[in-house]
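Single-structure report; data block below.
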Amino acid sequence: MSNKSGIVKYHVKLSYEVDGLVERADIIGAIFGQTEGLLGPEMNLNELQRVSKVGRIEVNAKSTSNTTTGDALIPMSTDIDTCALIAAGIESIDKVGPFDCAFKLEAIDDVRAAKKDDIVKRAKEIKQKWATKTVSEGESMLNDVHQGDTGKLSKYGPSNLTCSSGVFDSKWVILVEGRADVINLLRAGYDNALAIEGAKIDESIKKLCNEKDTVVAFLDGDRAGGFILKELKSVVTLDYEIQADKDVEVEELTPQRIDEILSPIATEIKDGKPAPVLKSEDDKPLAELASKIFTDLNETLEAVALDTDKKEIFKVPISEVVSKLSSQSGIKYLMLDGIITQRLLEGAKNAGVECVIGHRVAKLSNADGLNLKTFSDLGVS
């Protein structure tokens, strides 16, 4: 379609029906003539064409024995408001020559959106074609940088599952979902990870876990991660079950965040897990409350909030607790089947929580004003 308009932004598409036999020129004449002066001089189609805001109007017509139907397309480079006004003005046309007629707006298409889709499609084609032919200098540099990480990768079992080289000699293993997770844990200093690589648990994973003193599951913080965790628990005995932050994958975590999550576990494994003993008699009432909650909370990966009267306010998955805290008030106690992290600490402080109890406490800053306890501190197991 050739026209003298500026960059076309929108296509205004209308259909029409005339109770008589007319030509294309009659339709175009009605569109120009019956909208002239209707919306003010600056909105006249002739004026808009003169300043290249409207292109050449395309009209198709089909005649039967006593009616004419068809469609009209108006290319416009105005804003959407002007397009809407012009469309409404054309819909008000009720005569073409002596015959009654009706115009109806069918669509206002954003031409730029379609063009963007074409650009993206073409870009993908270009990438697919050229990425296989050459490796850029930048990619070569990145490969050099990552060599230190991937150089410690290995394979395990008949299925050649991706793992880090330390898996074979370490007394404990971290089960993750994929190869990228293994690499990310290497960057954080953990070289004993094994990728499950699928929802079906390979037999070799069961064998390895039986040979290790401690098995840790570290999975993505989404629903899929939860499903894989359930599948794992059905075939493997897990000593620790943890997930990344809500809707975050393990491969997306920073090395600092990974260490914040795993270091308390690593320390506990290294030093041994002592039998819990109540550390302070002053905490005896709190220990009694925690003991009542612990039985139903342990190994659920959930968090429970209680009010001053020790009544439950909510119980949610750990991955959702921080967002839940932002919309709640009146919480005195927060107990969770997991680690008390810095992010959780900040959420609890903002919600006015007085006491937080979990299995472990990460390296925290600015914990003043909150009573932080582990179940072990309270002699609960």
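The values are calculated or read from the model by the stated rules, or taken from the named source; none is laboratory data. Just so it is clear, the model here is predicted, and its values are computed rather than measured. Cβ atoms come from the backbone with ideal geometry, glycine included; neighbour counts cover every protein chain shown.
What to note about this one:
- Checking each residue in region 323-351 for being part of a loop (DSSP other than H, G, I, E, B) and under 23 Å from V380 (Cβ atoms) picks out I331, K332, D337, G338, T341.
- Tally of residues being β-branched (V, I, T) and over 20 Å from E299 (Cβ atoms) across region 227-273: 5
- Remark: pairs (first residue in region 102-121, farther than 17 Å from T78 by Cβ; second residue in a helix (DSSP H, G or I) and not acidic (D, E); Cβ separation under 6 Å; 6+ apart in sequence or on different chains) = F103/I90.
- Residue tally, condition surrounded by 21 or more Cβ atoms within 10 Å (Cβ to Cβ) and within 13 Å of L161 (Cβ to Cβ), over region 179-207: 7
- Checking each residue in region 82-127 for being among the charged types (D, E, K, R) and closer than 18 Å to R24 by Cα picks out E91, D94, K95, D100, K104.
- Selection of region 71-110 for residues being out of contact with any strand residue (DSSP E or B) (no Cβ under 7 Å at 6 or more places or on another chain) and more than 19 Å from V51 (Cα to Cα) yields A88, G89, S92, G97, P98, D100.
- Subset of region 292-322 (residues that are under 17 Å from Y240 (Cβ atoms) and part of a loop (DSSP other than H, G, I, E, B)): N298, E299, T300, L301
- In region 20-65, the residues that are surrounded by 15 or more Cβ atoms within 10 Å (Cβ to Cβ) and acidic (D, E): D26, E36, E58
- Evaluating T267 against the criteria (1) among the hydroxyl-bearing types (S, T, Y); (2) in contact with a Lys or Arg (Cβ under 6 Å, 6 or more places away or on another chain); (3) at pLDDT below 90 leaves one unmet condition, (2).
- Restricting K315, K292 to those that are closer than 30 Å to D213 by Cα and of a type in the set (K, R) reduces the list to K292.
- Among the criteria (1) among the basic types (K, R); (2) at pLDDT below 90; (3) surrounded by 12 or more Cβ atoms within 10 Å (Cβ to Cβ), the one K95 does not fulfil is (2).
- Residue match in region 280-288 (condition: out of contact with any helix residue (DSSP H, G or I) (no Cβ under 6 Å at 6 or more places or on another chain) and either closer than 24 Å to D222 by Cβ or assigned to a loop (DSSP other than H, G, I, E, B) (or both)): yes
- Filtered by the rule that a residue be among the aliphatic types (A, V, I, L, M) and at pLDDT below 80, region 127-158 gives A131, V135, M141, L142, V145.
- Considered as a group, the residues in region 327-359 that are polar (S, T, N, Q) and within 19 Å of G221 (Cα to Cα) include one that is surrounded by the most Cβ atoms within 10 Å (Cβ to Cβ), and that residue is T341.
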